[in-house]
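> Please see the structure below; I have some questions.
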Amino acid sequence: MTQEPVLFAIDASREFGEQMALHLGLQLSPHEEHGFDDGEHKSRPLANVRGRDVFVVHSLHSDATQSANDKLCRLLFFIGALKDASAASVTAVVPYLAYARKDQKSQPRDPVTTRYVARMFEAAGTDRVVTLDVHNLAAFQNAYRCATDHLRADGLFARHFVPLLGGREVVVVSPDAGGIKRAERFRQRLSAALGRPVAAAFAEKHRSGNVLSGELIVGDVQGRCAIILDDLISTGSTIARTVKACRSLGATSVYAAASHGLFVGDAAQLLADDALDGLVVTDTVPPFRLGEGKARSKLTVLSTAPLFAETIRRIHEGGSIVELLG
């Protein structure tokens, strides 16, 4: 008889882990985390993992008490402890993967941090990494030598928007040329769900230092409901710029959807603009930085726990996750 998978959640991601455990019909396995006065820490499993398939949940975003670096170290050290405890396999379930944006040399002597993080996971003994909507899929897949599973939120977004759109004409907008493939996958998914064509467009974007520019929209948004799709929202400046451009060209309404909502800096102010009708993110990063206000009132947070739970089930049982990606 096949043993059940063993599921742990690092303390800072416990709520997310509990939601996954509920969908799997499991209990989170107990573990211990202990901090020392000098800031160092240790963690260890309190359940027997010898010969078991183990899954560890931790989302690597910074919060009020821990940086992304702190969370990464805690996850890696715990994976090492599991391997030392003779786990048969260890899968890191990382809803938001830190450092995925630094995936190429954009200037001389630049680091390729995505690759360095991959080496850390491999050095700790990680057998598989599961994550959602990284910034650059090709870079992610090429960086890791261990197995990887890359999940997408476009199905969640399509199911969310279908009942809201009614019979309106729709255009899916990528906020830059680099996100066209991501937006196109969502456009196809949304078109199939609506049973009618959905138009496509993308925005011009230039970055010099931290300054964004470019007002051109390639594609027709006039008279349509525009849905701007991106992998993440950080300061909100890219979304705000694209919203403004769509409205100026005659879009009747504008929504923004992103897999990961970091909402740093002036995001709350930028996204409060009346030109933006609604904002949708997943729960890979809790929207704690938005606080109360206009931006928060526009926000809808979609749960990814069922998607991750089903992925864990299929990995453990040797099934395929291809159909989950649609």
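> Relative to the longest principal axis of the C-alpha atoms of the chain, give the angle of the C-alpha long axis of helix 113-124, reported between 0 and 90° and rounded to the nearest 10°.
20
> Follow-up question, since we're still on this one. Among DSSP bridges having both ends in the chain, what percentage is antiparallel? Round to the nearest 5.
20
> Could you work out the relative contact order of segment 154-302? I mean the mean sequence separation of Cα pairs under 8 Å and 6+ apart, divided by the number of residues, in percent.
It comes to 19 percent, rounded to a whole number.
> Just grab the label-to-label distance for ASP84 and ARG145, each label 7 Å out from Cα along the Cβ direction, in nm (one decimal).
Using points 7 Å along Cα→Cβ, the separation is 2.2 nm.
> Further, regarding this structure: In what sequence do ASP11, ASP37, ASP230 fall when counting other Cβ within 10 Å, fewest first?
Sorted ascending by nearby Cβ count, the order is ASP37, ASP11, ASP230.
> Which of the lysines could a cross-linker span from LYS102 if the Cα-Cα distance has to be under 29 Å and same-chain partners fewer than 8 positions apart are dropped?
Filter leaves LYS42, LYS71, LYS83, LYS181, LYS205, LYS244.
> Another question, if that's okay. For segment 30-63, which GluC sites (Glu not before Pro) are both in a DSSP coil and crowded by at most 12 other Cβ atoms within 10 Å?
Those satisfying the criteria are GLU40.
> With both bridge residues required to lie in segment 11-161, what share of the DSSP beta bridges run antiparallel, to the nearest 5%?
Of all bridge pairs located within segment 11-161, approximately 30 percent are antiparallel.
> Angle, helix 68-84 long axis vs. longest principal axis of the chain, Cα atoms, 0 to 90°, nearest 10?
Once rounded, the angle reads 40 degrees.
> How big is the charge dipole of segment 154-302 about its Cα centre, in debye rounded to the nearest 20, if each Lys and Arg gets +1 on its Cβ and each Asp and Glu gets -1 on its Cβ?
240
> Just to be sure I understand the model, the point goes 7 Å from the Cα along the line to the Cβ. What's the resulting THR252 to GLN188 distance in nm?
So the two model labels end up 2.8 nm from each other.
> About its Cα centre, how strong a charge dipole does segment 1-77 have in debye, to the nearest 20, once Lys and Arg get +1 and Asp and Glu get -1 at the Cβ?
340
> What's the angle, to the nearest 10 degrees (0 to 90), between helix 154-165's Cα axis and the longest principal axis of the chain?
For 154-165 against the chain, the angle is about 40 degrees.
> Quick check: the distance between the Cα centres of segment 135-183 and segment 23-91, to the nearest angstrom?
Each part's Cα centre sits 29 Å from the other's.
> Using Stokes-Einstein with the Kirkwood hydrodynamic radius over Cα pairs, what translational diffusion coefficient do you get for segment 154-302 at 37 °C and a viscosity of 0.692 mPa s, in µm²/s rounded to a whole number?
Calculated translational D: 218 µm²/s.
> I would also like to ask the following. If I stretch the segment between ASP274 and LEU46 completely, what's the gain in nm (0.36 nm per residue apart, minus their alpha carbon distance), one decimal?
77.0 nm
> Among the trypsin sites (Lys or Arg not before Pro) in segment 43-120, which ones are in a DSSP loop with at most 10 other Cβ atoms within 10 Å of the Cβ? Mind listing them?
LYS105, ARG109
> When DSSP assigns beta bridges and you keep just the ones with both residues in segment 154-302, what percent turn out antiparallel, to the nearest 5?
Here the share of antiparallel DSSP bridges comes out near 15 percent.
> Tell me what the chain gives for mean residue ellipticity at 222 nm when only DSSP H runs of n ≥ 4 count, each as -39,500 (n - 2.57), the sum divided by the residue total, rounded to 500 deg cm²/dmol.
That comes out to -10000 deg cm²/dmol.
> May I pose another question? Between GLU215 and SER67, take the C-beta separation as r, use R0 = 45 Å, and let me know the FRET efficiency to the nearest 0.05.
0.80
Values quoted throughout were computed directly from the atomic coordinates according to the rules given, and no laboratory measurement underlies them. Just so we're clear, the structure is a prediction, and the values are computed from it rather than from any experiment. Please note: Cβ atoms are built from the backbone with ideal geometry, for glycine as well, and neighbour counts cover all protein chains shown.
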